[in-house]
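What follows is a short report on a single structure.
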Amino acid sequence: MRKIKFILIALIFLSGVIISCEKSDSKSKEEPGNIPGMGDAGGEIEVVEPFVLPEGISLVGEVRGAGDSSVSLMGDEIIRNESNLKYYEGAYGSGGQWVLLNLVFENSTSIDQEVVIPAGCIFEYSHDDDETDDNNYQNGICLQEIRLTVFGSTRLNVVLFLYCINKGKEGSSSLVSYIIRGASTSELISFMVDALKYKRIDISDFTEEEMDEYNSITERIQEIIWAITNGSGLTQEDKDFIDALSDRVGDS
């Protein structure tokens, strides 16, 4: 009899633990509009690991807003001389309607090196620049991996096109600096990263004559991102739009 009572008590205890775990899991499940540091949600942005530059590569000055998106018309890499130091310029990334940043990488070695900005990487504006401390500026995100070659003993001036993850806040500004945090831990953002991995959305994929198409595509993607960060999540129509995008040439 005692043995039967013990078994019953054990079963009741185990069922309680299972129910408790299920409740805990349901509470921890990520929800659109409630991702730390994104949208209007509180908390700090969470990243897989901090972004680190390769040895010998450094950022010259701060990462700042680049101004109007017309800089996209810079075209291919342009070589210019300034104080006998070679600079290479280029536009990279996708988005840019709200977050457009200027970065200068310097290679102190004589060997060409590659800088990899991971897909899902967050660019957080520096709160030190916000005199009102009201979190008024948008943070940015790149949705595809970006690879930059910084030639030996040169500088690479990059204009980076990003998507906004805080709808309703101020766009990037040359008065505000930004910190490269690293790839987001968000599962919802990871879904977008995976869905767009091979899609033709990078500014470098489009010619000047195709800028209307680029703007149409990226404006829609921006709305989809906001549905995740500020809204109630993706619709089937959003997923169909992403699926219908063209693949990048050479990718599969």
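Each value in this text was obtained by applying a stated rule to the coordinates, not by laboratory testing. Predicted model only: the values in this text are computed from it and were never measured. Glycine gets a Cβ as well: all are built from the backbone with ideal geometry, and neighbour counts include every protein chain shown.
How big is D for region 201-245, in µm² s⁻¹ as a whole number, if Stokes-Einstein is applied with the Kirkwood radius of its Cα pairs at 20 °C and 1.002 mPa s? The estimated diffusion coefficient comes to 189 µm²/s. What the phi angles of region 230-238 give under the Karplus curve with 6.51, -1.76 and 1.60, with θ = phi - 60°, is a coupling list of 10, x, 9, x, 6, 9, 4, 4, 4 Hz, glycine and proline written as x.
Each residue of region 210-224 is assigned a 3J(HN,Hα), and the resulting list reads 9, 5, 5, 5, 4, 5, 5, 5, 6, 5, 5, 4, 4, 4, 5 Hz, derived from the Karplus form 6.51 cos²θ - 1.76 cosθ + 1.60 (θ = phi - 60°), x at Gly and Pro. Using only alpha-carbon positions in region 136-252, the gyration tensor eigenvalues give semi-axes of 23, 20, 15 Å once each is multiplied by 5 and square-rooted (largest first). Backbone amide hydrogens, once placed in the peptide plane, bring residue 179 within less than 5 Å of 124, 125, 126, excluding anything fewer than 5 places away on its chain. Averaging 1/r across all pairs of distinct Cα atoms in region 106-195 and inverting the result yields a Kirkwood radius of 14.6 Å.
Label separation (residue 97 vs residue 216): 1.4 nm, computed from points 7 Å beyond Cα along the C-beta direction.
Here's how it looks for residue 199: its modeled amide H is under 5 Å from those of 248, which are all 5 or more places away or on a different chain.
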